[in-house]
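So the structure is just underneath, and the comments pick up after that.
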Amino acid sequence: MKSQVLIIGGGISGLSTAWWLAQRGISVEIWESGSRPGGKIRSHSEAGYLTEDAAALLVNFRPQVDQMISCLGLDEHRQQRNEGLNRYIVHHDRLTPVPMLLPALLTSSLWSLPAKLRLMAEPFVPKGAHTGETVSEFIRRRLGQEVLDTAMDAFVSGTLASDPDLAEAQSVLPRLTTLEQRYGSLTMGMFINKVIKRRRANNADTFSFDNGMEQLIQALVQTPGIRLRTSAKALRIQQVKRGWRVQGKIGGLPADLQVPQLILSTPADISSQLLEETDTTLSGLLADIEYAPVGVVHLGLNSNHIQHKLDGTGFLVAKHNSLPVNGNLWMSSLFPHRAPPGKTLLSSYIGGMRCSRMTKRWQERYWTASAR
């Protein structure tokens, strides 16, 4: 059967989009330029360690994700994160727990007395009036500079590899910006939600899979109605009378396909090149998007050689610290069977917008480094 939709790009975005279309009876073909699907997501099992090239876990706030996982038959393979684990941040060269509840914020050693007084004044801060506010502007206005420098910078730089001075608050912190718009205050919004026991459509959930994140990729690929072509590179797209014409190469041989609907699920620079003939304005906007690569370094260590109690998810690093990493996940504490008995698996993340030049040079030689 001729495909109704062609998706260029077989990473997690392209595959999940194809899955939802297939659930509605829409036939989908995916062109992936690489030799395997999944993009950067790849899991490795070696010498008793289970490591990830890219995403190590999935943080879910949406019921649609639960639906997809269930329909793929992966419920029994989910590995839930222990929500009782501490979250740490590097503060004055020490690992300091990050308080997760409002009363604990005011007793934490993370902030000075003036910063705590500024936090207490948050309910009286006027609601923001303009859109497009950056994370730095939003947090500085609502919670103060010290909270931004100590905690939020580490979250945005470490978790998202982004720059809080450039990242849009509404996109990066949608739950916080919604609280301000709805209640005029983050503190009051959290308090009201707790008092009236307001329930979200889906509770926040963090998990991986028995065989790593690549298990999700393999399940998506096997979905009926999806035809995956690897080593399939699109070189030119044209809008025609009844849809789109895509020219490229599959397995090194010329390919020419016409489809009613086309979805680009490729990096911005590749999408920009493909759209040069069709939409010069959009092509130009995509070309301006800057990427900052992230490198992953896995360390397998003897557990008895680690002095700090591994009772947390890991730690994040704010930019005012001198450490070369953005953060570190304690993978063998997060999920079982990620390291052999008596061993610990630690995964460090370097690069991102904080030090993109260093990472680009480093990645000319290595993408993922493993030291055991």
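Across segment 1-69, Cα pairs under 8 Å and at least six residues apart give a relative contact order of 27 percent. Kindly express, to the nearest 10 degrees and within the range 0 to 90, the angle between helix 186-195's C-alpha long axis and the longest C-alpha principal axis of the chain. Computed tilt is about 90 degrees. Bridging of residue 249 to aspartates and glutamates at a Cα separation below 18 Å is possible for 29, 32, once same-chain residues fewer than 8 apart are set aside. With contacts taken as Cα pairs under 8 Å and at least 6 residues apart, segment 234-323 reaches a relative contact order of 17 percent.
A Förster distance of 22 Å, applied to the separation of the beta-carbon atoms of residue 71 and residue 230, puts the FRET efficiency at 0.40.
Put a dot 7 Å past the Cα of residue 24, heading toward its Cβ, do the same for residue 2, and the two dots end up 2.1 nm apart. At an R0 of 41 angstrom, the distance between the Cβ atoms of residue 181 and residue 310 translates into a FRET efficiency of 0.55.
Would you mind telling me the share, in percent, of accessible area of the chain contributed by carbon and sulfur at probe 1.4 angstrom? The partial results should precede the final answer.
Numbers: 10960 of 20240 Å².
Accessible surface attributable to carbon and sulfur in the chain totals 54 percent.
Per residue Cα convex hull volume for segment 203-333, in cubic angstrom? Convex hull volume per residue, Cα atoms: 234 Å³.
Keeping all protein chains in place, calculate the accessible area per residue for segment 106-251 (probe 1.4 angstrom), answer in Å². List each step's numbers first, then the result.
Details: 8000 Å² over 146 residues.
With all protein chains present, segment 106-251 gives 55 Å² per residue.
Once you order the gyration tensor axes a ≥ b ≥ c over the Cα atoms, which shape class does segment 85-175 get: rounded for a/c under 1.5, otherwise prolate or oblate by comparing a/b with b/c? Because a/c hits 1.5 or more and a/b fails to exceed b/c, segment 85-175 counts as oblate.
In the chain, helices alone account for a calculated mean residue ellipticity at 222 nm of -7000 deg cm²/dmol, with every DSSP H run of four or more residues adding -39,500 (n - 2.57). The rule of thumb for compact globular proteins, 2.2 N^0.38 Å, goes into the C-alpha radius of gyration of the chain 1.09 times. In this structure, the residue pairs whose Cα-Cα separation is over 32 Å, taken from 2/40; 40/241; 233/319, are 40/241; 233/319. Subtracting the Cα-Cα distance of residue 127 and residue 301 from their residue separation scaled by 0.36 nm leaves 57.8 nm. Each of the peptides 109-115, 328-334, 16-22 was scored by the mean count of other Cβ atoms within 10 Å over its residues; in descending order, highest first, they stand as 328-334, 16-22, 109-115.
Give me the percent relative contact order of the chain, please, defined on Cα pairs under 8 angstrom at least 6 residues apart.
On the way: 660 pairs, mean separation 90.8, N = 372.
Reported as a whole number, the value is 24 percent.
The values are calculated or read from the model by the stated rules, or taken from the named source; none is laboratory data. All of these numbers come straight from a predicted model, not from anything done at the bench. All Cβ positions, glycine included, derive from the backbone under ideal geometry; neighbour counts span all protein chains shown. These area figures cover heavy atoms from the full protein model, side chains too; ligands, DNA and RNA do not enter into them. Shrake-Rupley method; radii C 1.70, N 1.55, O 1.52, S 1.80 Å.
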